[in-house]
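What follows is a single structure, written as structure tokens, with notes after it.
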Amino acid sequence: MTSTSLPVTAQAAPPDVAAVPAAAEKPARSRRQTLVVVVGLLAAIAVPALTFPAFWLFLAAQVAAYAIATLGLNVLYGRTGQLSLAQATFMGAGAYTGYVLGSQGQAPLVQLLAVVAVSLVVGAVVAVPTLRLSGLRLALVTLAVGELFAWVLVHTSPLTGGSQGANVEPLVIGPLDASVPLFAYLLGLLPALLATALVLHLDRTQLGRRMLLVRDSELAARATGVPIIQTKIVSFLLASVFAGIAGWLYGGINGFVSPPDFNLFASVYLLVAVVIGGARSVLGAWVGAAYIVVLPQVFTALGIPNLYALVGGALLALVALLAPDGLVGLARSAVGRRRRTA
Amino acid sequence: MDGLTQVLAGGVTQGCLYALMLLGVLVVFQVSKVMSFAYGQVGMVAALTAWAVTTVGVPVALALVIGAAAAVLLNGAIDVVAIRRIPTDRVGLDLVVTLGLFLLIAAVMQQLVDSNSHSFPALGADTQTTVLGARISVNDAAVVALAVVVVTGAWLVLSRTSLGTNLRACAEDADIAASTGIDVRALRTGTWAVAGLLAAVVAVAVASRVAVDAFYMTSVLVKVFIAGMIGGLDRFWPPLLAAVGLGVYESLAVATFGADAGVPAVFLLIIVVLSVVPKRFVLDTSEARA
Amino acid sequence: MTTAPGISIRDLTVAYGAFRAIEELTVEVPAGRIVGVVGPNGAGKTTLLNAITGFTHVSGGSIHLDEVAVQDWTVRRRVAAGVVRGFQTVRLMERESVMTNVLVGLERTRQPFVLAQLFGLPSQPRSRRRDLDAANAVITRLGLADVVHQRVDALPFASRRLVEVARVLVSRPSVVLLDEPAAGLDQAGRHELAAVLTQVHAEDGCTMVVVEHDVDLVQRLCQHALALDSGHLISEGPPADVFATPEVQVAYFGRSLDAQA
């Protein structure tokens, strides 16, 4: 039987608050832990820049772009619990907005502003019907929006290139030209680092906590005064803006966009990536992004491209059932166990 | 032949297919409280398996039986291997797990068969006949007849037999049902198996009309879910009628706006319906009860 | 409302179709007192809490906080006014720490604008410091300081209960409503919960309504008790008196304890 007695004695005087050190929001990191994280981060950034050949640099750039999208889905699904099958749709909206404006000669800053504006609108449009929904209904609404978007793409050929897709001019921001592998890498990495910092910061805000409570118990959220609708909308908008920017970067780096890049399966793969990596962790989002970009290459090189879908489906089901915190969660508990038994 | 009647006949046929598939969704949902996103793929397995064995010389009738058997086994296996392991307190996990199975099954079939789309034997879809003054295909007539028979049969079983009573008891409260001696697990898996058969039938019927590939049943499944949500997943007749209505709606939209209008008509409807129709059932554990 | 209000319930009826969960109930909860609500299952105790907090509609009658009628207010408005509740089943963010679970309870205090929070504008770190102080205070009071960073799902049941109570209390509400807070606790746990709640009440001066089954706990904790049965008030007064009332005993035990010999 687990102990059910309370840790405070009945006759205790009110504790002297000053005597007990006030806890910070998160457990303090040891200097060694901080050092490990900083060194690891610098290495992760510098190694590709210094050692990777061109092809792998382009892949790394795409990983960074996709990481922004998976971070957005982490916020929407991992943190707020809204299972959206429209994340690739949001990417597509950003990618095509960037393409259309870019092909009209608009500067990257204008493209970015337009991408953000379009993403906000699309995100709001998808969010509104979902506000009172959960589970399958919510997923189906997002799926329906995705299908509609794909239909629009195919039926607006003159503007978007239709089902054939469209060549996108390489993104050029200042001295950074995406057709140069190293610069493509930087163009993808810098926004991705910003997005990562934003999501890490979110963890220390009341907004971030609201999202968690909305996910875990809408009833408790109501009882605590959390504005549930506002929280869900903000979550959707964050997801769509992140994905829109990710799509824009992807188009400018990859050089080509087409409807299959942003269809239902692309959304499902984004979900797979997020769940495998760990839906609640920033590191998990990066792991997921690496999975999306690198694994298809690996399987194609092995001659069994179909394995990507197969492994993805199997992993999604297995990880969801057996390791709800994803690979990162597994790693963390393994490290925790080893530390405890050491 | 009056154009409108033709359109309606086509719509009713399509709607009957939706209704048959929805029947499988309904019994599975009511007995195990799960909506399987992989259900369409189970049907696809039946059709693709049947197609594949016909290419090696197996006669069509036998191929259909083999395909149906595969679907029955697969859906039952999904319940035993995956669904049973989902803890009841994890809300929404069934969707994620069945999404994974959806991908997995499609990928496996693509590996075992191939990734191309194929045409299925017509099964009477190309033979015209006249019923009540309307010219429809034999396949269409068979579908409608089958739907009526199966749905009526299901209703009779559910309301008039002891099996039906046991099923409804399981649907109501599995724990209480188990305590009265009902083998809940066997009933559940049996329900999934029968649903597999229904998926097989529908998938084969759809296959006789469209090209078959690893994902062709996805849009059918989505529409079936919608019809279920319109009518109420805890009911019987309203959702089935909604399914037929959806088929008619789709047919009318296409007739009015052209073949391309099918997708936006249905998916716009989905968005509107899901936003507006109130939740009729509580999926999550009881909250704030007296 | 800066000092704890009294709750005045007048002719309250809560009906679900033909079923009347609460029937023309009139009762006063004096300002700043701890009142226990007792009664058998289905008596309408949780429904009463739901009605006071706005989680259920009111079919008739009124609910007042210090003469202000609140029965038409939304849940959010009542929470903002200082009416905070706990639930019969513990509802926490299982995979988050005690600190996170308690911090979220500060929602009803003034929070910076969403964009300010998101981008860490100056108002955000200021409010964060203030929130941490409040959270630490209540966490220490409830004896959870040792486990403050632990995931809630790793804690024993009693501690999880306490975390939810901490979430309720952290914003120092003027009206605290608890629904069977001692359910699942052993004898020692119940004694200590009573002590903690008494202490908090003494320091904060809030009005407390506690739905409970445990006779001993109600007698220990509450100054006043209300007994409900089938949606009606059958007795009220000091807990000892209420429990001695024959009607209450019949409702609870099926027979009057005096008529045994």
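The values are calculated or read from the model by the stated rules, or taken from the named source; none is laboratory data. Fair warning: this is a prediction, and the values are worked out from it, not measured in the lab. Glycine also receives a Cβ, built like all others from the backbone with ideal geometry; neighbour counts cover every protein chain displayed.
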Under the condition of being more than 15 Å from A:LEU318 (Cβ to Cβ) and facing another protein chain (nearest Cβ under 7 Å), which residue from the stretch B:102-114 is nearest to the chain's Cα centre (by Cα)?
-> B:ALA106
Could you count how many residues in the stretch B:38-57 are part of a loop (DSSP other than H, G, I, E, B) and modelled with pLDDT under 95?
-> 3
Can you work out which of the residues in the stretch B:58-68 that are touching a Ser or Thr at 6+ places or on another chain (Cβ under 7 Å) and touching a residue at least 60 places away in the same chain (Cβ under 8 Å) is surrounded by the fewest Cβ atoms within 10 Å (Cβ to Cβ)?
-> B:VAL60
Out of (1) at positive phi; (2) of a type outside the set (S, T, N, Q); (3) in contact with an Asp or Glu (Cβ under 7 Å, 6 or more places away or on another chain), the one B:GLY124 does not meet is (3)
Residues in the stretch A:270-304 that are more than 16 Å from A:LEU327 (Cα to Cα) and buried (at least 18 other Cβ atoms within 10 Å of the Cβ) total 1
Which residue pairs have Cβ atoms under 7 Å apart, sit 6 or more places apart or on different chains, and have a first residue in the stretch A:194-211 that is in contact (Cβ under 8 Å) with a residue 24 or more places away in the chain and outside any helix (DSSP H, G or I) and a second that is surrounded by fewer than 22 Cβ atoms within 10 Å (Cβ to Cβ) and not β-branched (Val, Ile, Thr)?
-> A:ARG204/A:GLU25; A:ARG204/C:ARG128
Output the residues belonging to the stretch C:61-109 that are surrounded by 23 or more Cβ atoms within 10 Å (Cβ to Cβ), touching a Phe, Trp or Tyr at 6+ places or on another chain (Cβ under 9 Å) and more than 28 Å from C:ASN41 (Cα to Cα).
-> none
For B:ALA259, which of the numbered conditions (1) without any contact (Cβ under 8 Å) to a residue 60 or more places away in the chain; (2) buried (at least 23 other Cβ atoms within 10 Å of the Cβ) fails to hold?
-> (2)
Does C:LEU103 satisfy being under 21 Å from the mean Cα position of the chain (by Cα), facing chain A (nearest Cβ under 9 Å), closer than 14 Å to A:ALA223 by Cβ and at pLDDT 90 or above?
-> no
Determine whether the stretch C:17-39 contains at least one residue that is within 12 Å of chain B (Cβ to nearest Cβ) and in contact with a Lys or Arg (Cβ under 7 Å, 6 or more places away or on another chain).
-> yes
Subset of the stretch A:88-138, residues among the aromatic types (Phe, Trp, Tyr) and out of contact with any strand residue (DSSP E or B) (no Cβ under 7 Å at 6 or more places or on another chain), comes to A:PHE90
Residues that are surrounded by 19 or more Cβ atoms within 10 Å (Cβ to Cβ) and within 10 Å of another protein chain (Cβ to nearest Cβ), drawn from the stretch C:183-200 | C:LEU185, C:GLY189, C:ARG190, C:HIS191, C:GLU192, C:LEU193, C:ALA194, C:VAL196, C:VAL200
Scanning the stretch B:156-167 residue by residue, those outside any loop (DSSP other than H, G, I, E, B) and free of Cβ contacts under 8 Å to residues at least 60 places away in the same chain turn out to be B:LEU156, B:VAL157, B:SER159, B:ARG160, B:SER162, B:LEU163, B:GLY164, B:THR165, B:ASN166
Which listed residue is among the basic types (Lys, Arg), part of a loop (DSSP other than H, G, I, E, B) and either more than 7 Å from chain A (Cβ to nearest Cβ) or out of contact with any strand residue (DSSP E or B) (no Cβ under 7 Å at 6 or more places or on another chain) (or both), from C:ARG172, C:ARG161, C:ARG167 | C:ARG172
Conditions (1) under 30 Å from A:ALA301 (Cα atoms); (2) polar (S, T, N, Q); (3) surrounded by fewer than 24 Cβ atoms within 10 Å (Cβ to Cβ); number of the one not met by A:ASN74 = (3)
If you take the residues in the stretch A:34-87 that are among the hydrophobic types (A, V, I, L, M, F, W, C) and part of a loop (DSSP other than H, G, I, E, B), which one is modelled with the lowest pLDDT?
-> A:PHE52
When only residues in the stretch A:164-215 that are of a type outside the set (D, E, K, R) and in contact with a Ser or Thr (Cβ under 6 Å, 6 or more places away or on another chain) count, which is nearest to A:GLY252 (Cα to Cα)?
-> A:PRO170
Taking the stretch A:184-207 and keeping only residues that are over 17 Å from the mean Cα position of the chain (by Cα), of a type in the set (A, V, I, L, M) and within 14 Å of C:THR100 (Cα to Cα), one is left with A:LEU207
Specify which of the listed residues (C:GLN71, C:GLN111) is touching a Ser or Thr at 6+ places or on another chain (Cβ under 8 Å), polar (S, T, N, Q) and within 24 Å of A:GLY81 (Cβ to Cβ).
-> C:GLN111
Part of a helix (DSSP H, G or I), surrounded by fewer than 19 Cβ atoms within 10 Å (Cβ to Cβ), hydroxyl-bearing (Ser, Thr, Tyr) and more than 7 Å from every other protein chain (Cβ to nearest Cβ) - does that describe any residue in the stretch C:126-148?
-> no
Can B:ALA71 be described as more than 14 Å from chain A (Cβ to nearest Cβ) and buried (at least 24 other Cβ atoms within 10 Å of the Cβ)?
-> yes
For residues that are within 14 Å of chain A (Cβ to nearest Cβ) and touching a residue at least 40 places away in the same chain (Cβ under 8 Å), tally how many sit in the stretch C:52-78.
-> 3
Within the stretch B:86-101, of all residues that are more than 7 Å from chain A (Cβ to nearest Cβ) and under 20 Å from the mean Cα position of the chain (by Cα), the one surrounded by the fewest Cβ atoms within 10 Å (Cβ to Cβ) is B:ASP94
Considering each residue of the stretch A:97-107, count those that are surrounded by fewer than 20 Cβ atoms within 10 Å (Cβ to Cβ) and under 23 Å from the mean Cα position of the chain (by Cα), and give that number.
-> 0
Qualifying residue in the stretch A:234-251 (condition: over 15 Å from the mean Cα position of the chain (by Cα), away from every other protein chain (no Cβ under 13 Å) and at pLDDT below 95) = yes
Filter result for B:ASP126 (surrounded by 14 or more Cβ atoms within 10 Å (Cβ to Cβ), among the charged types (D, E, K, R) and either more than 30 Å from B:THR191 (Cβ to Cβ) or more than 14 Å from chain A (Cβ to nearest Cβ) (or both)) = no
From C:VAL58, C:VAL98, which residue is aliphatic (A, V, I, L, M), modelled with pLDDT of 95 or more and touching a strand residue (DSSP E or B) at 6+ places or on another chain (Cβ under 9 Å)?
-> C:VAL98
